[in-house]
Amino acid sequence: MRAPPNNFFSKKKKVVVTTVCVVGVWLLISLGLTFLSAFCLYNAHLGCTQSTARTAQPAAITLSWITLGTNHTVEVWKHSLSLLTIRPDLTALFSQHAAKTQENMQKALVAASGLLQHAPHSPFTRKYIPPDILLYLEENGDGLAHLINQLIPYLQGDHTLLILLQNADELRATGGFLGSYALVNIQDGVITDVTIEDVYDADGQFAGFVSPPYGVLEYLSSEDGLRLPDANWYPEFPRSAQTILTYLSYADHSEIDLVIGIHTKSIERLLTVLGPLYLPDYDTTLDAHTLTNALHDERGAFFPGSREKTQLLSHTATQLQQTVFTARPDIKRALALSLLEEVVNQEVLLYAVDPQLQQGFEDAMLSGGIGSAWCSDANSCTGSFFASIESNVGINKANKQIERNFTFTANDHTLTATITYTNNNTAPTAEEVAHQTPTQAPHRAYVNYQRVLFPPNWTLQSVTLNGEPVSNIYQQRVSLKAGEVNQVGFLIVIKEQESSTLQLTFTTNEVIPALMFFKQPGVPAVTLRTPQKEYIITQSRLIPLSAAESVE
């Protein structure tokens, strides 16, 4: 006699299969809605963004609960949807609903913090986020999440931004020679006016005398003291920004909230993404290759009251705004990602007059501070770090063709730092020299006032250039935000088509397992070697010096 079918287990199997299919379809639909929500956001359809994200959100929350919050990709999905659902409600910032706004800001902060925590570890996001940004998020994601919350109030009211336009072809501590600046007025998050001024115009309104730091006095100031064009001499951007603001206050520019430092190399990289920029009034086209030649800054070539350069820069800014506004969505996305990369690499630097917001910039490692990332002692910076600061004092653009290689070796209580400079410039011909202006140097040698900053518990034993001792070394204690450090400065000259090797030897009372290397803004990516590994340095980072520390 045949046994009756097991209807109970058969029905249970059907229920399980049906449930799995329904859940699978639900997840697929939710994923589709997620991409639709992102598409709506790209096209500024905020209502569509919010509604589709809210519909997809339950699936992400459920999957996060099932995986116990351990799957980074799922967490990125969940927190991204949370931000998309909150984003349209940010319009409440411009209304009277302060309580609702605060509630949304708290939700946004939680979502942003979760997103920044998981994004560097998700295989999905690692495919689309540049390595530099991933490295930054791994180390500074929490600080960035809190900074987002601090920036929200700046979408309300009237604010003035100062943008420092620095020429990286004439290298200075914070990115390049300060030739011009832009004053940007913002009202309720919207740019209402952009004014570009020549640095010599404002400098001409200052009649006082400021004692120059060592290096400026000998090679730049001509006994005129520290002037506005050289006010970004200080390696830490906040101090340079404060110095510049002091000078600008004499030119009736005292109502400034934020200072942004940007240099020509960053602008060139952004133009690579955006494409050529046509200037109809000048019948010329700017791109990554022609930018610095068209917008040149020759020291002494302009005078207070001159309008030639400011008119060119103003026209460039206007065309840039129009080009960005009309760019395709994919170009805007790539441009935003490229700009973010410049910021996290500290090629674009930020300073806020408001102390709390400035602390937020410092906590997020976006202000160009040298010691703040690795110095915990407020009185003395005893962490192991090395900062090489170059200043082109040859009044030329020679450093545009300079290559740099760094090598560090640590042995017991001795550290040796070797920097090899290669000058790829060719010497100017007699005809080229004959057509130069009096303010241009008749050579392309790299005349570099070299500074090195290092911890106060290190002792500098020797400095040699091509095996010969360097003379006229000036050593002093300087104050950084993190505390006092040692600084040594001296002049080195690298002739055209030559290489020179600079070597510094330090002793310390402790073994150095790792070294925080500070990369100067405006300097291209450099090669750094240790006995264990070779690195391409695009941002300041910790470099292991021992075999144990180098295991990643």
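The values are calculated or read from the model by the stated rules, or taken from the named source; none is laboratory data. Keep in mind the model is a prediction, meaning the values are calculated, not measured. We place every Cβ from the backbone using ideal geometry, glycine too, and count neighbours over all the protein chains shown.
The set of residues from the range 323-353 being of a type in the set (D, E, K, R), modelled with pLDDT under 95 and not in a helix (DSSP H, G or I) comprises just one member, 328. If you check 193, 224 for being part of a strand (DSSP E or B), out of contact with any Gly (no Cβ under 9 Å at 6 or more places or on another chain) and without any contact (Cβ under 8 Å) to a residue 60 or more places away in the chain, only one passes: 193.
Within the range 414-456, the set of residues being within 25 Å of residue 480 (Cα to Cα) and surrounded by fewer than 16 Cβ atoms within 10 Å (Cβ to Cβ) comprises 414, 416, 456.
Does residue 470 satisfy the condition of being β-branched (Val, Ile, Thr) and surrounded by 20 or more Cβ atoms within 10 Å (Cβ to Cβ)? Judged against the criteria, residue 470 is not a match.
Pairs are defined by a Cβ separation below 8 Å, a sequence spacing of at least 6 or placement on different chains, a first member in the range 196-214 that is closer than 25 Å to residue 451 by Cβ, and a second member that is in a loop (DSSP other than H, G, I, E, B) and of a type in the set (Gly, Ala, Ser); the pairs so defined are 209/225; 210/225; 211/225; 212/221; 212/225. The requirement of being under 20 Å from the mean Cα position of the chain (by Cα) and either aliphatic (A, V, I, L, M) or modelled with pLDDT of 90 or more (or both) is not satisfied by residue 251. Would you list the helices (runs of 4 or more DSSP H) that sit entirely within the range 75-170 and hold 3 or more residues that are of a type in the set (Ser, Thr, Tyr), at pLDDT 75 or above and buried (at least 17 other Cβ atoms within 10 Å of the Cβ)? Correct list: empty, since no element meets the threshold. Among residues of the range 412-440 that are of a type outside the set (Phe, Trp, Tyr), those with a beta-carbon under 6 Å from a residue that is surrounded by fewer than 16 Cβ atoms within 10 Å (Cβ to Cβ) and part of a loop (DSSP other than H, G, I, E, B) at least six positions away or on a different chain give the pairs 423/498; 433/442; 439/300. Taken over the range 497-538, the criterion of being of a type in the set (S, T, N, Q) and over 29 Å from residue 427 (Cα atoms) is satisfied by 505, 507, 508, 509, 530, 532, 538. Checking each residue in the range 388-413 for being buried (at least 21 other Cβ atoms within 10 Å of the Cβ), assigned to a helix (DSSP H, G or I) and in contact with a Lys or Arg (Cβ under 9 Å, 6 or more places away or on another chain) picks out only 398. If we scan the range 489-496, do we find a residue that is out of contact with any helix residue (DSSP H, G or I) (no Cβ under 9 Å at 6 or more places or on another chain), outside any strand (DSSP E or B) and either hydroxyl-bearing (Ser, Thr, Tyr) or free of Cβ contacts under 8 Å to residues at least 12 places away in the same chain (or both)? The answer is no; no qualifying residue exists. Under the condition of being within 21 Å of residue 358 (Cα to Cα) and charged (D, E, K, R), which residue from the range 246-271 is surrounded by the most Cβ atoms within 10 Å (Cβ to Cβ)? So, considering only residues that are within 21 Å of residue 358 (Cα to Cα) and charged (D, E, K, R), the one surrounded by the most Cβ atoms within 10 Å (Cβ to Cβ) is 257.
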